[in-house]
Amino acid sequence: MNYNAIMRIPRFYCPDISSEFLEIHDQKIIHHLIKVLRARQGQSVVLFDGNGKTFECEIKEIEKNKIKLDLLDSHTSKKKKIITFNFFLPILKRESLISVATKLAELGVDKISLYLPDKVDQSMAKKDFNKLTEKVTETLILACSQSGNNFIPELKFFNNLKEALDAKGGRIVMLDTLPKATSLTAYNPLQNESNVSIVTGCESGYSDAERKLFKKDDVYYLRTNILRAETAPVTILPMLKLIYKDI
């Protein structure tokens with residue numbers, strides 16, 4: 001089946017789906033299929049579990065609280081073992097944060113660590129971060145559903161950048177605008193690397209205390225104009241994936 005045909009088939013995230021249990025019980029998915037897509041018996045639907053397994057199915061029976069399916073085909077995607085990318089993303093204005101999270105999921109980031117920056121926009125300072133994290137999770141699921149990414153990024157929230165970095169693994173690449181930073185064109189992969197942690201700042205940049213968390217060799221800049229907080233993440237990730245031949 002070609003790409004265009006596949007993308008026309010409704011695709012949904014069902015973490016509990018398996019070849020032994022082919023039923024949809026999620027009321028949001030059922031509502032969308034019945035009320036929005038006007039799905040009928042015999043229609044094709046694709047389900048994925050967020051960990052690489054995908055099930056191509058056909059609707060067998062529609063009931064009020066569940067949809068029964070027949071399995072047409074299934075496959076398991078293998079995650080590339082080249083490198084794991086963990087993105088340390090600051091809390092941005094809501095629309096910007098949702099936009100960045102969407103694009104990072106489409107680009108295939110493995111983990112996103114949201115952190116509350118010292119210079120957070122005051123419109124976000126008193127937000128309920130549990131609800132915001134839930135919204136970002138929904139965004140990641142939707143982005144993976146629409147882009148064909150079978151692996152939903154792991155998402156965590158940290159109260160500050162130091163707390164996030166304490167939980168990091170692997171090499172750090174911190175993107176900054178300081179002239180003493182190293183150009184990303186000089187970046188070279190190390191032998192036997194498995195994890196890279198990428199850090200970008202918020203709209204007002206890093207605080208002095210945040211900058212002190214990094215070693216000189218961690219800090220890089222791009223030979224371009226100063227990028228917006230929502231532009232920098234989706235610029236540096238594909239560049240690093242290309243460097244590691246993971247694209």
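Work out the FRET efficiency for K119 and N51 from their Cβ-Cβ distance, taking R0 = 35 Å, and round it to the nearest 0.05. Once the sixth-power term is evaluated, E becomes 0.45.
Calculated FRET efficiency, K79 and E163, Cβ-Cβ r, R0 22 Å, to nearest 0.05? Don't jump to the answer; show the numbers that get you there.
Working: r = 27 Å, r/R0 = 1.23.
Once rounded, the FRET efficiency stands at 0.20.
Please give every one of the aspartates and glutamates within straight-line cross-link reach of K126, meaning a C-alpha to C-alpha distance under 15 Å, and leave out same-chain neighbours fewer than 8 residues apart. Answer for K126, where 15 Å is the Cα cut-off: D118, listed by chain and number.
Report summary: the helix-based calculation at 222 nm, which adds -39500 (n - 2.57) for every DSSP H run with n ≥ 4 and divides by the residues of the chain, gives -7500 deg cm²/dmol. Modelled spin labels at E23 and D208, positioned 7 Å past Cα toward Cβ, are 6.3 nm from each other. Taken one residue at a time, the phi angles of the range 30-47 give Karplus couplings (6.51, -1.76, 1.60, θ = phi - 60°) of 4, 4, 5, 5, 7, 7, 8, 8, 6, 5, 10, 4, x, 6, 7, 8, 10, 10 Hz. Gly and Pro are set to x.
Provide the FRET efficiency to the nearest 0.05 for the H31-E95 pair, computing r from the beta carbons and using R0 = 22 Å. Provide the component values of the computation, followed by the final result.
Details: r = 26 Å, r/R0 = 1.16.
Using R0 = 22 Å, I get an efficiency of 0.30.
A straight chain from R223 to A186 at 0.36 nm per residue would run longer than the Cα-Cα distance by 12.2 nm. Consider the candidate values (i) 72, 39, 30; (ii) 63, 42, 30; (iii) 59, 34, 34; state which one is Cα extents along the principal axes in Å computed from the structure displayed. So the calculated entry is the one marked (ii). The stretch between D70 and L178, if pulled fully straight at 0.36 nm per residue, gains 33.1 nm over its current Cα-Cα span. Dipole orientation for the range 84-243: of the candidates G201, N149, L92, G201 has the Cα lying most toward the positive pole (charges on Cβ; Lys, Arg +1; Asp, Glu -1).
When each of the peptides 41-52, 110-121, 11-22, 216-227 is scored by how many other beta carbons lie within 10 Å of its residues on average, the order from highest to lowest is 110-121, 41-52, 11-22, 216-227.
Could you give the length gained on full extension between E58 and K127, defined as 0.36 nm per residue of separation minus the Cα-Cα distance, in nm? Don't jump to the answer; show the numbers that get you there.
Values: separation 69, 0.36 × 69 = 24.84 nm, distance 4.21 nm.
Length gained, E58 through K127: 20.6 nm.
Taking K28 as the anchor, which lysines have their alpha carbon closer than 20 Å to its alpha carbon, excluding any fewer than eight residues away along the same chain? Leaving aside lysines fewer than 8 places away in the same chain, those within reach of K28 are K60, K64, K66, K68, K131, K135.
Bear in mind these aren't lab numbers, they're just calculated from the coordinates by the rules spelled out. As the structure is a prediction and not an experimental result, all values here were calculated from the model. Virtual Cβ from ideal backbone geometry, glycine too; neighbours counted across all protein chains shown.
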